[in-house]
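Please read the structure below before turning to the comments.
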Amino acid sequence: MSGTRNALSRPMSRMGAADRTSAVASSFVVADAGHCIGCKACELACFAVHSQTNGIGASVGTVSVPVVPKVYVVRAGDTYVPVQCRHCENAPCAHACPVQAIRQENGVVMIDEELCISCTSCVLACPFGAIEVSTVYREGRVMTQPGLTDRAAHKALPRTAAGKCDLCADTNGGQPACVEACPNDVLRLAIVESDPLPERRREVFFPRL
Ligand code: SF4
Ligand code: SF4
């Protein structure tokens, strides 16, 4: 957090897109992991909303590429924990990126896929394991990396890029898809503002206590 300590304010469920774009220190999805049932509806909703421009069908039987969401449900024994980017104010991934492909806009840490060279420095720097490098698809097809070929096989190699939660900044216009999809109200968007109040912090992180 920054020098002036921050507080977590209203959950996004009570906010509109205009509120989201106002200047905030940071925002991120928090999970009430004790209530996660591991259904992975959040993963599928994430994949669907981020696949609207790459020609992939989002209904059963029409998805022809690997499902790569930007939120991952991790199982530890009988407990399920959704994991995704925390949009750190002093984001280690941004410090690690050698080509300035990572930026922060209105409290959201974004990766510019076009600038990314897939060096995985951000993957190593992220303390939450929230970044993954995966193949880039457009119009349902694998993109190839200009100038990169497998000489033995005489074929171009796929373009890859780093990806992670962007809070549906360019795709949903309001509530992140995972938050909307969760049937058990496990996920919520927290907005970081000024003047911390412990009771507000507890209310946002642990609303059911
Ligand atoms: S993988 Fe891409 S976004 Fe991550 S540090 Fe390397 S160039 Fe930057
Ligand atoms: S949709 Fe909700 S309950 Fe289902 S796996 Fe995701 S966080 Fe857990």
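Of all lysines in the structure, the ones whose alpha carbon falls short of 25 Å from that of K70, not counting any fewer than 8 places away in one chain, are K40, K164. For L148, put the label point 7 Å out on the Cα→Cβ axis and report which residues of the stretch 83-126 keep their amide N under 14 Å from it. What the label zone holds, given the 14 Å backbone N cut-off, is 113-121. The gain in end-to-end length when the I117 to V99 segment is fully stretched comes to 5.7 nm, 0.36 nm per residue minus the alpha carbon separation.
Computed extension gain for L157 through S134, at 0.36 nm per residue and net of the alpha carbon distance, reaches 7.0 nm. With θ taken as phi - 60° and the Karplus curve 6.51 cos²θ - 1.76 cosθ + 1.60 applied, the whole-hertz 3J(HN,Hα) list for the stretch 91-107 is 4, x, 5, 5, 5, 7, 5, x, 10, 6, 7, 10, 9, 10, 10, 6, x Hz, x standing for glycine and proline.
Looking only at Cα atoms, what is the convex hull volume of the stretch 27-139 per residue, in Å³?
Here the figure is 124 Å³ per residue.
If you take the beta carbon distance between N106 and H35 as r and set R0 to 22 Å, what does 1/(1 + (r/R0)^6) give as a FRET efficiency, to the nearest 0.05? Display every interim value, and only then the final one.
Numbers: r = 29 Å, r/R0 = 1.32.
Efficiency, rounded to the nearest 0.05: 0.15.
Remark: the stretch 88-180 carries 56 Å² of accessible area per residue (probe radius 1.4 Å; ligands, DNA and RNA excluded). Of interest is the spacing of the C-alpha centroids, which for the stretch 71-131 and the stretch 174-194 amounts to 18 Å.
The values are calculated or read from the model by the stated rules, or taken from the named source; none is laboratory data. Here the structure is a predicted model, which is why all the values come from computation and not from measurement. Because the Cβ atoms are built from the backbone with ideal geometry, glycine has one as well, and the counts that use them run over all protein chains shown. When the accessible area is computed, the model is the full protein with side chains, heavy atoms only, and any ligands, DNA or RNA have been set aside. Shrake-Rupley method; radii C 1.70, N 1.55, O 1.52, S 1.80 Å.
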